[in-house]
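Notes to accompany the following structure.
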Amino acid sequence: MLNWKTFAIGCSLALALLLFARKPSMSNPNAHRAVIDLTHTLNDRSPNWEGTEKSPFQATDLGNLEHDGYYSRHFSTEEHYGTHLDAPAHFAAGMWTVDQIPAERLVRPLVILDVRNAAKNNADYEVSVQDVAAWEDAHGQIPEGAVVMAYTGWDERWNSQREFRNEQSDHLTHYPGFSLEAAKFLVKTRDVVGLGIDTMSVDKGATTTYPVHYFTSQESVYHLENVANLALVPPAGATVVVAPVKLENGSGGPARVLALVR
């Protein structure tokens with residue numbers, strides 16, 4: 001005869017074991033303990049490339065909950081505004097547009113190069129091969145196929161367009177970027193798929209020739225610019241998830257960028 005009490009206990013144990021097996025564990029190498037949002041909120045108050053008082057971002061209501069029963073908006077903006085991705089087609093004819101970048105290149109190991117001290121004393125600082133070497137001395141070789149981001153501390157200026165762009169009397173903007181030498185080293189010897197930075201450009205602000213853009217675009221490397229919250233991400237061990245708007249023929253587009261931290 002079936003003992004219903006024993007049966008109930010057995011079912012409870014089986015359910016508990018099933019739930020335990022499905023619960024994420026820190027011993028699981030695929031688990032992560034935090035998700036860090038590396039994205040500035042997209043709105044009409046963000047610094048823009050041209051430095052104009054009128055924002056390139058505009059939003060107008062299409063539906064109002066009170067009158068229409070739903071909330072909806074129409075918005076428009078530039079492809080390279082806010083936290084965004086530059087597709088290789090931005091500076092190289094015939095290369096990938098934003099919708100053509102393979103999805104597997106958008107979820108990658110994340111490397112953070114902390115150059116705040118150098119950038120604090122030199123607005124025109126360029127991330128160097130020596131900065132990369134110092135990171136590798138501390139953490140080992142950069143993983144193949146990684147996304148490498150420069151943490152300059154510039155996102156602290158985000159709420160002031162004047163300070164973020166830092167245009168000087170020479171009529172050039174001044175903020176840190178990557179050196180061409182560092183970009184070539186990362187692409188040619190470490191096979192990185194993306195470069196990121198918390199300024200407006202992976203090239204330093206005072207450039208007029210954009211050497212890093214031209215070189216990396218020809219190598220199918222994308223850029224992430226105006227990245228936020230790099231202070232919250234460890235220098236090694238995280239995974240980046242890059243989710244740009246899948247805009248057909250786009251030279252780039254606004255992106256939600258997340259760091260999965262183990």
For segment 92-100, 3J(HN,Hα) per residue [Karplus equation, 6.51 cos²θ - 1.76 cosθ + 1.60, θ = phi - 60°, Hz, x = Gly/Pro]: 9, 5, x, 8, 4, 7, 4, 6, 9
Along the Cα→Cβ direction, 7 angstrom out, place labels at residue 64 and residue 130. What is the inter-label distance in nm? 6.1
DSSP beta bridges in segment 132-262, what fraction antiparallel, as a percent rounded to 5? 50
Between residue 229 and residue 169, what is the spin-label point distance in nm, taking each point 7 Å from the Cα along the Cα→C-beta axis? 4.1
Fluctuation leader among 252, 237, 177 - the chain, Gaussian network, Cα springs under 10 angstrom: 237
What longest range of the chain stays clear of loop-exposed GluC sites (Glu not before Pro) (DSSP non-H/G/I/E/B, at most 14 other C-beta within 10 angstrom)? 145-247
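In Å, what Kirkwood hydrodynamic radius results for the chain from the alpha-carbon pair distances?
Radius from the Kirkwood sum: 20.2 Å.
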Here segment 162-174 yields Karplus 3J(HN,Hα) values (6.51, -1.76, 1.60; θ = phi - 60°; whole Hz; Gly and Pro given as x) of 4, 6, 5, 6, 6, 6, 10, 5, 7, 6, 10, 7, 10
Length gain on complete extension for the stretch residue 103 to residue 159, per 0.36 nm per residue less the alpha carbon to alpha carbon distance? 17.0 nm
Amide proton proximity set for residue 252, modelled H, under 5 Å, gap of 5+: 87, 98
Choice from 238, 119, 93 with maximal GNM fluctuation in the chain (Cα, 10 Å cutoff): 93
For the chain, set up a GNM with springs between Cα atoms under 10 Å and report which of 83, 52, 39 has the largest fluctuation. 52
Tell me the label-point distance for the pair residue 41, residue 181, using the 7 Å Cα-to-Cβ offset, in nm and rounded to one decimal. 4.2
Sequence-distant residues sharing a close amide H with residue 151 (under 5 Å, placed H): 113, 114, 115
Work out how much length residue 141 to residue 214 would gain on full extension: take 0.36 nm times their residue separation and subtract the Cα-Cα distance, in nm to one decimal. 23.7 nm
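None of the figures in this text is laboratory data; all of them are computed from the coordinates on show. A quick note: this is a predicted structure, and the numbers were derived from the prediction, not measured. When we count neighbours, we look across all protein chains shown, and the Cβ atoms used for this are built from the backbone with ideal geometry, even at glycine.
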